[in-house]
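Scroll down for the structure; my scribbles are underneath it.
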Amino acid sequence: MASARVDLDGNPIKPLTICMIGAGGFIGSHLCEKLMAETQHKVLAVDVYSDKIKHLFEPSSLPWADRIQFHRLNIKNDSRLEGLIRMADLIINLAAICTPADYNTRPLDTIYSNFIDALPIIKYCSENGKRLIHFSTCEVYGKTIGCFLPKDSPLRQDPAYYVLSEDSSPCIFGPIEKQRWSYACAKQLVERLIYAEGAENGLEFTIVRPFNWIGPRMDFIPGIDGPSEGVPRVLACFSNNLLRREPLKLVDGGESQRTFVYIKDAIEAVHLMIENPSRANGQIFNVGNPNNEVTVRQLAEMMTQVYSKVSGEPPLDAPTIDISSKEFYGEGYDDSDKRIPDMTIINRQLGSVLLLEPKDITVGLARVDSYLPTPDVRRSCKEGYLKTGNDLRIVYTINLTVFPVKALVNMLKQDQKRKKVAQRRAKRPVVSCNTLGQL
Ligand SMILES: NC(=O)c1ccc[n+]([C@@H]2O[C@H](COP(=O)([O-])OP(=O)(O)OC[C@H]3O[C@@H](n4cnc5c(N)ncnc54)[C@H](O)[C@@H]3O)[C@@H](O)[C@H]2O)c1
């Protein structure tokens, strides 16, 4: 008989009923997969869409079929929500509008979705004594203190001016007319509300601040499996450009810096939170990889190279193009300059060393190779993505995101150096055996 699973303190883990709101999205779909494949927990999956998790409850012969139920409902106006929360031991709230292109163009929807719609969930949890894991965002930090220093100030290199810590960093947003901050501000107020419910009414909560989790099923390819006018998050935007053989658009020069985490690694941390309430309750956790930092420009260069490898198509002569944020996102856009998470608290509480180091390059490449597209998909890649739609994106995204980001940047730099040396050599007069013989 398989031995019972235990938590980090050696106590047996009891099967839970989890009400997961927003389960049909990017993070929810990976979390559901993990919970079905590796635990005995039950999931009441709540969302308006089910495309990304359908494979978990159809066909009904799947081994976990009796542990997952899909409830199609809009949490804005459905009285069934409270009943589902009451049936569960733990509530995980992922539902949100969370695409940067919406923050300044649909600020009301953004604020309602991230603030107003979260209120009943928090209220029901508090009134019914249910534990809540709420997904916030690293955007609550806004800009770094360092970005207000002169460009040449040596203090910009001091981590105290840019590393983001849950219990000491301020939250710095731009002026109200910069509506981009509608999302971050709504998320921040919800965090404050949850924290206050904990302090005044004893709500058991954990707040998660993801730092750019990426991977398969993130967003959509416009016109393929999403609206043709929509602007998804950066990874899908770049994938879309590559698939259409267009230059990748770098907003304001692509100078923003981000730390990326592969979704499956990040989900490990959430799994630990679920199963270790005594260590996770009352905590706000950054979840990111401080050692995987790149600029958006570097991400574009990496994706161009990887896509070329996957599809067999040579990169465009001009693979990127600069565009202003006003032109790309419209009025009221603004951005965080840099986002490096301090991982002290999560590592102290949950020991999730997974996220501490950049991934080893050989491990990364081995994983990439094992995910390379099947001949069928590779053919479709060359013939046109319309044939495979979502499948192609999944395969392609996997190929991108399992690369260890920092190591790849180094590889790219070395490659550029090699190219420069080769160019210099090419300019020298050619001395062949024949010419040597003539001398
Ligand atoms: N992916 C990241 O790196 C990242 C970064 C920061 C924060 N987050 C936060 O994590 C959470 C999940 O992010 P994601 O990347 O999975 O987003 P996602 O958009 O893929 O998933 C959100 C899901 O919520 C559902 N939803 C939204 N409004 C709803 C409503 N009214 N009723 C029912 N369902 C509704 C959507 O249909 C969608 O399936 C969000 O709160 C987001 O702000 C994610």
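The values are calculated or read from the model by the stated rules, or taken from the named source; none is laboratory data. Values in this document were obtained by computation on a predicted structure and should not be read as measured data. Positions of Cβ are generated from backbone atoms using ideal geometry, with glycine treated the same way; all protein chains shown enter the neighbour counts.
Just a few scattered comments:
- Filter result for residue 90 (under 16 Å from residue 19 (Cα atoms), touching an Asp or Glu at 6+ places or on another chain (Cβ under 8 Å) and more than 9 Å from the ligand (Cβ to nearest atom)): no
- Beta carbons closer than 7 Å, at least 6 apart along the sequence or on distinct chains, pair a first residue in the stretch 64-80 that is among the β-branched types (Val, Ile, Thr) with a second that is surrounded by 14 or more Cβ atoms within 10 Å (Cβ to Cβ) and at pLDDT below 95 for 68/56; 68/57.
- Being over 20 Å from residue 204 (Cα atoms), touching a His at 6+ places or on another chain (Cβ under 9 Å) and basic (Lys, Arg) holds for only one residue in 72, 67, and it is 67.
- One residue stands out in the stretch 22-44 among those that are more than 16 Å from the chain's Cα centre (by Cα) and either of a type in the set (Val, Ile, Thr) or part of a loop (DSSP other than H, G, I, E, B) (or both): the one that is farthest from the ligand (Cβ to nearest atom), namely 40.
- Answer residue from the stretch 45-87, given it is more than 10 Å from the ligand (Cβ to nearest atom) and of a type in the set (D, E, K, R) and is farthest from residue 24 (Cα to Cα) among those: 86
- Scan of the stretch 139-158 for residues that are under 28 Å from the mean Cα position of the chain (by Cα) and farther than 14 Å from residue 96 by Cβ, ordered by number: 141, 142, 143, 144, 145, 146, 147, 148, 156, 157, 158
- Matching helices (runs of 4 or more DSSP H) fully within the stretch 184-302 where at least 3 residues are surrounded by 22 or more Cβ atoms within 10 Å (Cβ to Cβ): 234-243, 263-275
- Taking the conditions (1) at pLDDT 95 or above; (2) more than 16 Å from the ligand (Cβ to nearest atom) in turn, residue 185 satisfies each one other than (2).
- Members of the stretch 93-111 found to be within 8 Å of the ligand (Cβ to nearest atom) and either part of a helix (DSSP H, G or I) or surrounded by fewer than 20 Cβ atoms within 10 Å (Cβ to Cβ) (or both), listed by number: 97, 99
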